[in-house]
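Read-outs throughout are calculated quantities, based only on the coordinates presented, and are distinct from any laboratory measurement. Source: prediction; values computed, not measured. We place every Cβ from the backbone using ideal geometry, glycine too, and count neighbours over all the protein chains shown.
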Amino acid sequence: PTQFGAPSNAVRLTHGGWYRIEGAGAWSERTLRSKFETQILFLCTGNTCRSPMAEAIARHYLSKPHATKKPTRVASAGVATSDGLAMTAEAKEALERLRIDPGRHRSRVLTREMVEDATVIYAMTRSHAQQAIAMVPAAKDKIQILDPSGRDVADPIGSSLATYVQTAEAIANFIRTRMTADGTLTLPRKKSILEPG
């Protein structure tokens with residue numbers, strides 16, 4: 001018998017450093033994920049440009065062999081959007097020009113649960129960070145501006161494709177710096193995201 005009055009959870013650890021929940025138990029899947037995984041959330045306004053590009057870029061980095069020592073999930077959301085919107089065509093093309101799979105993104109509205117579940121939240125601007133903090137004040141310490149210098153990442157919406165590509169490259173550099181510094185990424189340093197490997 002467990003102290004929670006419910007069966008124990010059964011979790012299988014895999015050779016790749018991941019895990020698989022084999023049987024339901026006293027802890028919910030949400031609770032188990034919080035214990036086993038690093039969960040990174042990228043935040044912007046509409047969740048159709050900056051934060052989905054950041055999500056795709058982070059996923060690209062994490063897909064490399066031996067890129068991380070801990071199971072890590074990445075996601076994105078918007079503080080002023082609606083669910084189900086596609087990534088803008090320019091954002092998608094910018095990622096493809098950097099040889100990054102944009103995936104099948106659909107926008108999500110930021111929720112209290114997303115803020116609570118995230119291990120770290122990278123906001124594109126100070127305003128986005130403040131809105132997340134207002135939603136869950138206790139999460140303040142895990143909410144950061146993506147640019148390590150603390151500057152806002154400008155919204156490319158309505159700009160040229162070249163601006164989108166520049167924004168994607170800047171986001172890629174910020175993500176690599178952030179995720180390498182906190183130990184999430186163990187990739188070797190490179191001069192550019194455009195380099196193979």
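Per residue of the chain, what 222 nm ellipticity follows from adding -39500 (n - 2.57) for every DSSP H run with n ≥ 4, rounded to the nearest 500? Kindly include the intermediate steps, with their values, before the conclusion.
On the way: 6 runs with 67 residues, N = 197.
Taken over the chain, the calculation gives -10500 deg cm²/dmol.
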Open item on the list: Test of understanding: given the chain, find the longest segment containing no chymotrypsin sites (Phe, Trp or Tyr not before Pro) that are in a DSSP loop and have at most 15 other Cβ atoms within 10 Å.
Closed with: 19-197
Open item on the list: Can you give the Rg/Rh ratio of region 125-187, where Rg is from the C-alpha atoms and Rh is the Kirkwood radius?
Closed with: 1.03
Open item on the list: Relative contact order of region 1-155, please, whole-number percent, based on alpha carbon pairs below 8 angstrom and at least 6 residues apart.
Closed with: 22
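Sum up the charges of everything whose Cβ sits under 13 Å from the Cβ of residue 171, counting Lys and Arg as +1 and Asp and Glu as -1, but leave residue 171 out. Before the final figure, lay out each step's value.
On the way: positive: 50, 59, 151, 176, 178; negative: 55, 147, 152, 155, 169.
In short, 0.
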Task: Acute angle (nearest 10 degrees) that the helix 161-181 long axis makes with the longest principal axis of the chain, alpha-carbon atoms - done: 40
TODO: Within the set of other residues whose C-beta is less than 12 Å from the C-beta of residue 148, count the net charge using Lys and Arg as +1 and Asp and Glu as -1.
DONE: +1
- [ ] Starting from the Kirkwood radius over alpha-carbon pairs of region 15-130, derive D by Stokes-Einstein at 4 °C in a medium of 1.567 mPa s and give it in µm² s⁻¹.
- [x] 85
- [ ] Check cross-link reach from residue 142 to the aspartates and glutamates: straight Cα distance under 16 Å, and skip same-chain residues fewer than eight apart.
- [x] 37, 113, 116, 117, 182
Task: Folded to 0 to 90 degrees: helix 50-62 orientation relative to the chain principal axis, Cα - done: 60
- [ ] Quick one: which residues, 5 or more positions from residue 145 or on another chain, have an amide H under 5 Å from its amide H? H modelled 1.01 Å from N in the peptide plane, none for Pro or chain starts.
- [x] 123
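Would you kindly state how much longer the chain becomes between residue 116 and residue 14 on full extension, computed as 0.36 nm times their sequence separation minus their alpha carbon distance, in nm to one decimal? Intermediate values should be presented prior to the final figure.
Working: separation 102, 0.36 × 102 = 36.72 nm, distance 2.67 nm.
Roughly 34.0 nm would be gained on extension.
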